[in-house]
Amino acid sequence: MLLTGKKLYSQEEKDSLWEKYRSGDESVFTDLCEAYVPLVESIAYGNKLSLPPSVEIGDLISEGFLGLADAVIRFSPGMGAKFDTYAASRIRGAILDGLRDADPISRHFRGKFKTLSAVTDSLSEFLCRQPTDWELADELGWPLDEVRRIKGFYANSFTVCIDDFTASSEHETFTLAEVMPDHSLVSPGFALEEAEIMERLIEGMNSLTELESIVLFWRHEQNLSYGEIGERLGVKVPRVSRIYASAMSRLRAFF
């Protein structure tokens with residue numbers, strides 16, 4: 001969904017909107033953001049050229065609009081840069097953040113898995129067999145739970161139905177699931193850390209307004225774009241982006 005409206009704003013009209021906004025008239029915030037929608041679309045289309053077809057241009061524009069709204073809120077003439085230059089940086093950053101959020105495997109996990117894979121290969125060559133999780137943890141200096149968590153995270157990215165794979169011995173037939181070791185158990189310390197994080201998250205969610213909770217749910221649970229959320233709420237995208245930004249700010253305060 002493209003955000004470009006029917007009206008293209010002249011520089012004089014933009015200057016007038018800025019003057020009103022800086023004087024404290026927040027009612028022009030939406031118009032001020034919409035005045036720079038062509039900048040968002042230009043950057044979004046530029047990014048789209050280097051991305052796979054599965055990435056929709058509407059989602060890039062929606063993410064970019066969030067960056068634009070943030071730029072409008074944060075910009076000050078004293079920064080020594082034109083707004084277009086400052087906004088372009090925020091828009092690109094917001095689009096990149098959106099792409100990272102959509103990636104199920106974060107850069108952090110990729111780096112850890114790369115390290116784990118290298119050490120696994122090295123130990124396998126030295127031991128002439130696959131190293132155990134304990135041996136990997138000792139070599140890496142990581143907690144055993146961390147090794148299993150990284151391995152499990154990637155294993156879940158390539159899921160097979162292990163109950164469908166059977167093998168036979170002289171006396172019985174069994175499935176792969178029945179003979180695989182269970183690495184799902186975690187230590188009490190790790191479980192406690194997870195519980196503390198969950199407790200903070202619950203506290204943060206309880207601090208949100210009803211509207212903020214709805215926007216977060218639609219964005220992260222139903223994967224709706226800001227434009228689609230705006231249509232459901234009957235508000236424009238800048239309003240959605242402000243609600244979302246407010247909700248995320250509240251949640252970050254608990255971590």
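If the condition is being outside any loop (DSSP other than H, G, I, E, B) and surrounded by 17 or more Cβ atoms within 10 Å (Cβ to Cβ), then the range 34-47 contributes 34, 37, 39, 40, 41, 43, 44, 47.
Taken over the range 59-92, the criterion of being of a type in the set (A, V, I, L, M, F, W, C), surrounded by fewer than 18 Cβ atoms within 10 Å (Cβ to Cβ) and closer than 17 Å to residue 24 by Cα is satisfied by 73 alone. If residue 135 meets every condition in (1) at pLDDT 85 or above; (2) within 23 Å of the chain's Cα centre (by Cα); (3) surrounded by 12 or more Cβ atoms within 10 Å (Cβ to Cβ) apart from one, which number is that one? So the condition that residue 135 fails would be (2). Of the helices (runs of 4 or more DSSP H) lying entirely inside the range 195-255, not one is found with 3 or more residues being touching a helix residue (DSSP H, G or I) at 6+ places or on another chain (Cβ under 6 Å) and modelled with pLDDT under 75.
The number of residues in the range 60-110 that are closer than 22 Å to residue 215 by Cα, part of a helix (DSSP H, G or I) and modelled with pLDDT under 75 comes to 3.
Check 15, 25, 31 and return the single one that is surrounded by 13 or more Cβ atoms within 10 Å (Cβ to Cβ) and either charged (D, E, K, R) or in contact (Cβ under 8 Å) with a residue 12 or more places away in the chain (or both).
Details: 15 fails: surrounded by 13 or more Cβ atoms within 10 Å (Cβ to Cβ); 25 fails: surrounded by 13 or more Cβ atoms within 10 Å (Cβ to Cβ).
Result: 31 is the single residue among 15, 25, 31 that is surrounded by 13 or more Cβ atoms within 10 Å (Cβ to Cβ) and either charged (D, E, K, R) or in contact (Cβ under 8 Å) with a residue 12 or more places away in the chain (or both).
The values are calculated or read from the model by the stated rules, or taken from the named source; none is laboratory data. On a predicted model such as this, the values are computed, not experimentally measured, just so you know. In this analysis, Cβ positions are derived from the backbone assuming ideal geometry, glycine residues included, and neighbour counts consider all displayed protein chains.
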